[in-house]
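Student: One structure follows; several queries about it will come next.
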Amino acid sequence: MSLIRRSNVFDPFSLDFFDPFEGFPFGSGNSGSGSLVPRTSSDTAAFAGARIDWKETPEAHVFKADVPGLKKEEVKVEVEDGNILQISGERNKEQEEKTDTWHRVERSSGKFLRRFRLPENAKAEQVKASMENGVLTVTVPKVEAKKPEVKSIQISG
């Protein structure tokens with residue numbers, strides 16, 4: 001797993017990549033070849049929409065992603081432009097042997113990418129990430145909120 005800070009945001013208004021033609025037999029051609037070639041099932045895998053929970057605690061913003069079967073080396077956590085958290089990875093398709101006969105293929109493969117705009121109270125330079133039992137946890141500490149000063153005022157009279 002790598003934590004990378006970058007300063008290049010593809011589209012600041014859309015934090016998730018969305019392909020309106022995803023799932024159609026002839027996609028938008030973003031498969032790298034630029035042609036409208038039929039996609040394989042791994043290109044339109046359900047894994048592409050990795051589910052991520054985001055909760056805010058008094059101390060931090062905590063993101064949890066289910067990434068079963070991935071090693072930490074196959075997942076990237078990046079911070080772009082100081083306030084965009086990007087979580088991405090890829091599950092490769094299992095190698096097929098010519099002698100194998102597949103009866104069912106339900107496990108998904110492919111890439112995923114999720115982006116989140118961090119709030120102003122996030123300390124993006126102190127992001128920590130860990131992975132255990134197929135769950136990626138990304139913790140972004142928060143700036144301590146200043147407590148209002150209370151002044152005692154002497155009452156004269």
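The values are calculated or read from the model by the stated rules, or taken from the named source; none is laboratory data. None of the values given here were measured: they were computed from a predicted structure. All Cβ positions, even for glycine, are placed from backbone atoms using ideal geometry, and neighbour counts span all protein chains on display. The area values use the complete protein model at the heavy-atom level, side chains included, leaving out ligands, DNA and RNA. Shrake-Rupley method; radii C 1.70, N 1.55, O 1.52, S 1.80 Å.
Student: Which residue pairs have Cβ atoms under 7 Å apart, sit 6 or more places apart or on different chains, and have a first residue in region 77-97 that is at positive phi and a second that is exposed (fewer than 12 other Cβ atoms within 10 Å of the Cβ) and not aromatic (Phe, Trp, Tyr)?
Tutor: From residues that are at positive phi, the pairs are Asp81/Ser7.
Student: Using the structure shown, decide if Arg104 is assigned to a loop (DSSP other than H, G, I, E, B), open to solvent by 10 Å² or more (accessible area, probe 1.4 Å) and not β-branched (Val, Ile, Thr). Walk me through it before giving the result.
Tutor: Values: assigned to a loop (DSSP other than H, G, I, E, B): yes; open to solvent by 10 Å² or more (accessible area, probe 1.4 Å): yes; not β-branched (Val, Ile, Thr): yes.
Answer is yes for this residue.
Student: Out of the residues in region 60-99 that are modelled with pLDDT under 90 and part of a strand (DSSP E or B), state the one that is surrounded by the fewest Cβ atoms within 10 Å (Cβ to Cβ).
Tutor: Glu90
Student: Hey, can you tell me all the residues within region 140-154 that are surrounded by 12 or more Cβ atoms within 10 Å (Cβ to Cβ) and out of contact with any helix residue (DSSP H, G or I) (no Cβ under 9 Å at 6 or more places or on another chain)? Explain how you work it out, then say what you get.
Tutor: Looking only at region 140-154, we keep the residues that are surrounded by 12 or more Cβ atoms within 10 Å (Cβ to Cβ), and these are 140-142.
Residue satisfying the conditions is Lys142 alone.
Student: For Gly157, indicate whether it is open to solvent by less than 100 Å² (accessible area, probe 1.4 Å), assigned to a loop (DSSP other than H, G, I, E, B), over 16 Å from Ile52 (Cβ atoms) and not acidic (Asp, Glu).
Tutor: Values: open to solvent by less than 100 Å² (accessible area, probe 1.4 Å): no; assigned to a loop (DSSP other than H, G, I, E, B): yes; over 16 Å from Ile52 (Cβ atoms): yes; not acidic (Asp, Glu): yes.
When the stated conditions are applied, Gly157 does not pass them.
Student: Output the number of residues of region 105-138 satisfying the condition of being in contact with a helix residue (DSSP H, G or I) (Cβ under 9 Å, 6 or more places away or on another chain), among the polar types (S, T, N, Q) and modelled with pLDDT of 95 or more. So that I can check it myself, show each step before the final result.
Tutor: Taking region 105-138 first, the residues in contact with a helix residue (DSSP H, G or I) (Cβ under 9 Å, 6 or more places away or on another chain) are 107-113, 118, 129-131, 136.
Cutting the leftovers down to among the polar types (S, T, N, Q) gives us 108-109, 130.
With modelled with pLDDT of 95 or more added as a condition, the list becomes 130.
Here the count works out to 1.
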